[in-house]
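The values are calculated or read from the model by the stated rules, or taken from the named source; none is laboratory data. These numbers come from a predicted model, not from an experiment. Heads up, the Cβs are rebuilt from the backbone with ideal geometry, glycines too, and the neighbour counts pull from every protein chain shown.
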Amino acid sequence: MILHDKNLLSEKTKKSANLFEKACDVIPGGVTAHIKYFPPHPLMMEKGKGSKLYDVDGNEYIDYLLCYGALILGHGHQQVFDAVTKQMLESGTTIFGTPHKMETTMAEKLVELYPGIEMVRYTNSGLEATLLAIRTAVAYTGKPKLAKFEGHYHGGYDQVLVSVNPDMDQAGNATAPKAVGESRGLPDYYIENTVILPFNDLESTEKILRAHAHELAGVILEPIQGGFIPAEQEFMEGLRRITEELNIVLIFDEVKTGFRISIGGAQKVYGIKPDITTLGKVLGGGFPVGAIGGKKEIMMITSARGGRDILTAGADNSDKQNPLYHSGTYNGHPTILAAGLATIDLLEQEGTMEDLFTKTQSLRKELENVYKKHGLNMQTVGMGSIFNMILAEGPIKNYRDMSRANTKLRKEIDYELLKLGIYTKPLNRYSMSVVHTEEDILRTVEAHDEAIGRILK
C-alpha cells in the first residue's frame, strides 16, 4: 500500500496513486527505473504536447524534466514525427539489421559538430556508450583501471556505480576521496580498482593521477557535473595536459551536455578535445540512443575488419586478431537516427540555440529575483539550456559543496510546484526546450512565488 505522508500531492492525483498501487503488484517498487520514483508516488503521465505534460487525472504541467533533458524540442515535435514517418514509409521497415546510409550521414554530422570526434560507433543508450568508451580506453592503453570523479554519474553498471552520491562519513578526505559503492550486488573488484578524483581541484587530481598513472587506462568525467555544475576552464585545460602527458585516455561523458551546452557540446565551449566522447539523450530526438566518437587511432581498434568472429561456430579465425568486441542488434537504428537528424537540423537553424539560451537565462534571473524577494538565498547553477536551483550561499564547484544546500526546503517547494502545475522530479535540474514560451516562463515564476509563500507560512 502507498504510504500517505505530508508530501501527498493532492486529491487531484488519485488516479496516479491507484495506478501506482496496481503497478506495484507486478513491477518491483512500481517503476522500471529508479530515477522515475519519488514518494509518496510518481505521477502517471498520459499525454505530452510541446512544453506540457498531462497526467492520468487530467492535470496539466509545464514540463522541465523533459525526459531528463532528452526532449530539447519538447513533446511531439512535428519535424521529428515527419522524419520518423518518412523513414518508415520509404524504407518499408523500422530496421534493416544491416548497415545503411543514415549511419554514415549521422556520423559525418557528429564529426562536423564535435571537435574531439573523428570516427563514430552507435549504441542504444548513453550507458552503453560509456561502457564501450571505457573498454576502448583499456584496450588502447593496455592498462586496467579507471578514474572517475566524485559525484559524477555515467550509467547504472558495476564499473561506474561508485562514488556517485556517497555519504560524507564514508567518502574520505575531500582532496583524496575514497571509492564508495552505490548499489547492492557490486563486486569488490570495482570498488578496489576505481580511482576517485575531486572535481574542480586540479592540484589534488594531478597528484592522484601521477600516483596511479602506470595503471590508469582512462579518466571519465561529466564536463558539467550532473548537467549543472560546470568545470572551471583552468581545471579542464590542466586535466587535458596531464592526461596527455601520462598516456591516460580522456573521456568526456556528454550524454547530458551534448547539444544542450552548445551544438558541439561542452568540448566546443571549453575548447578542449577529449580522446573519446560519449553521447545520448538529445541525439535520439526522443528515442533511445547512444554513440561514442573519438580520435581515429583510438576508434579504429573497435573495427570489425580483421578481427576474430566470436559468434559463428566453426568460423575460420586463423591469423585473425582478438577483437575489441562491440555489437548490438539495434545499433544505428534508422528510425532513431532519422529522429536525431531532424532534431539536429532544427537546432542548427539560425537563432534557435541563441533563443533557447536567452529564454533559459531569463527564467534563471526571474527565479533568483523571486527567491530574493522572499529572503531566501537561492542561486541558479548551470550552463546553456540546463540549470539547477541551489538554496545555498557561496560557490558550488563540486559534489561536496552541495552538502551546504537546503534540500529539505527545496523539496517542499518542489512538491508545492507539482500541485501548481510545474513539473520536474523533486530536487532535479531544469531543462529548457525550444518550445517553452514566455507565457510558460511567467507561469513558472508565478508558481514559484506562490509555492514559496505557502511553505513559508
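Here is how the numbers come out for the structure above:
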quantity: Restricting the stretch 14-43 to residues that are in contact with a Lys or Arg (Cβ under 9 Å, 6 or more places away or on another chain) and in a helix (DSSP H, G or I), the residue that is farthest from G285 (Cα to Cα); calculated: G30
quantity: Flag if Y114 is out of contact with any Pro (no Cβ under 7 Å at 6 or more places or on another chain), within 28 Å of D401 (Cβ to Cβ), in the same structural domain as D253 (by TED's automatic domain parsing) and aromatic (F, W, Y); calculated: no
quantity: Check on S10, polar (S, T, N, Q) and at pLDDT 95 or above; calculated: no
quantity: Residue in the stretch 161-179 that is modelled with pLDDT of 95 or more, more than 30 Å from D401 (Cα to Cα) and surrounded by fewer than 23 Cβ atoms within 10 Å (Cβ to Cβ) present; calculated: no
quantity: Options I261, I310; residue that is assigned by TED's automatic domain parsing to the domain that holds T141 and modelled with pLDDT of 95 or more; calculated: I261
quantity: In the stretch 89-109, residue nearest to G293 (Cα to Cα) [restricted to those that are of a type outside the set (S, T, N, Q) and over 28 Å from the mean Cα position of the chain (by Cα)]; calculated: F96
quantity: Residues being assigned to a strand (DSSP E or B) and touching an Asp or Glu at 6+ places or on another chain (Cβ under 8 Å) - total across the stretch 266-304; calculated: 6
quantity: Near pairs, Cβ below 9 angstrom, 6+ apart or cross-chain, from the stretch 189-201 (of a type in the set (F, W, Y)) to any residue that is in a strand (DSSP E or B) and crowded, with 17+ Cβ neighbours inside 10 Å; calculated: Y190/L146; Y190/V162; Y190/G181; F199/F149; F199/L221; F199/Q225; F199/I229
quantity: Complete set of residues in the stretch 121-135 that are part of a helix (DSSP H, G or I) and under 12 Å from the mean Cα position of the chain (by Cα); calculated: G126, L127, A129, T130
quantity: The stretch 69-92: number of residues that are in contact with a helix residue (DSSP H, G or I) (Cβ under 8 Å, 6 or more places away or on another chain) and surrounded by fewer than 20 Cβ atoms within 10 Å (Cβ to Cβ); calculated: 5
quantity: Test: residue in the stretch 254-266 that is within 23 Å of the chain's Cα centre (by Cα) and of a type in the set (S, T, Y); calculated: yes
quantity: Sole exception among (1) within 14 Å of R121 (Cα to Cα); (2) surrounded by 24 or more Cβ atoms within 10 Å (Cβ to Cβ); (3) over 13 Å from the mean Cα position of the chain (by Cα) for I301, by number; calculated: (2)
quantity: Yes/no for E46 being outside any loop (DSSP other than H, G, I, E, B), modelled with pLDDT of 95 or more, within 18 Å of K425 (Cβ to Cβ) and of a type in the set (D, E); calculated: yes
quantity: Selection from the stretch 283-296 of residues that are within 26 Å of T141 (Cα to Cα) and either free of Cβ contacts under 8 Å to residues at least 40 places away in the same chain or crowded, with 16+ Cβ neighbours inside 10 Å (or both); calculated: G290, A291, I292, G293, G294, K295
quantity: Whichever residue in the stretch 362-409 is touching a residue at least 60 places away in the same chain (Cβ under 8 Å), part of a loop (DSSP other than H, G, I, E, B) and not hydroxyl-bearing (S, T, Y) and, among such residues, is surrounded by the fewest Cβ atoms within 10 Å (Cβ to Cβ); calculated: H374
quantity: Qualifying residue in the stretch 94-109 (condition: in a strand (DSSP E or B) and among the charged types (D, E, K, R)); calculated: no
quantity: Residues located in the stretch 25-60, provided they are of a type in the set (G, A, S), under 24 Å from the mean Cα position of the chain (by Cα) and surrounded by fewer than 13 Cβ atoms within 10 Å (Cβ to Cβ); calculated: G29, A33
quantity: For Q349: the one exception among (1) part of a loop (DSSP other than H, G, I, E, B); (2) out of contact with any Asp or Glu (no Cβ under 8 Å at 6 or more places or on another chain); (3) in contact (Cβ under 8 Å) with a residue 12 or more places away in the chain; calculated: (3)
quantity: The listed residue being modelled with pLDDT of 95 or more, closer than 26 Å to G69 by Cβ and out of contact with any strand residue (DSSP E or B) (no Cβ under 8 Å at 6 or more places or on another chain), out of E245, E232, E206, E222; calculated: E232
quantity: Every residue from the stretch 160-181 that is part of a loop (DSSP other than H, G, I, E, B) and hydrophobic (A, V, I, L, M, F, W, C); calculated: V160, L161, V164, M168, A171, A174, A179, V180
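Table: residues versus (1) polar (S, T, N, Q); (2) surrounded by fewer than 24 Cβ atoms within 10 Å (Cβ to Cβ); (3) out of contact with any Gly (no Cβ under 9 Å at 6 or more places or on another chain); (4) farther than 21 Å from N388 by Cβ.
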| site | (1), (2), (3), (4) |
| --- | --- |
| R210 | no, yes, yes, yes |
| G218 | no, no, yes, yes |
| G227 | no, no, no, no |
| M236 | no, no, no, no |
| R240 | no, yes, yes, yes |
| V249 | no, no, no, yes |
| V255 | no, no, no, no |
| L279 | no, no, no, yes |
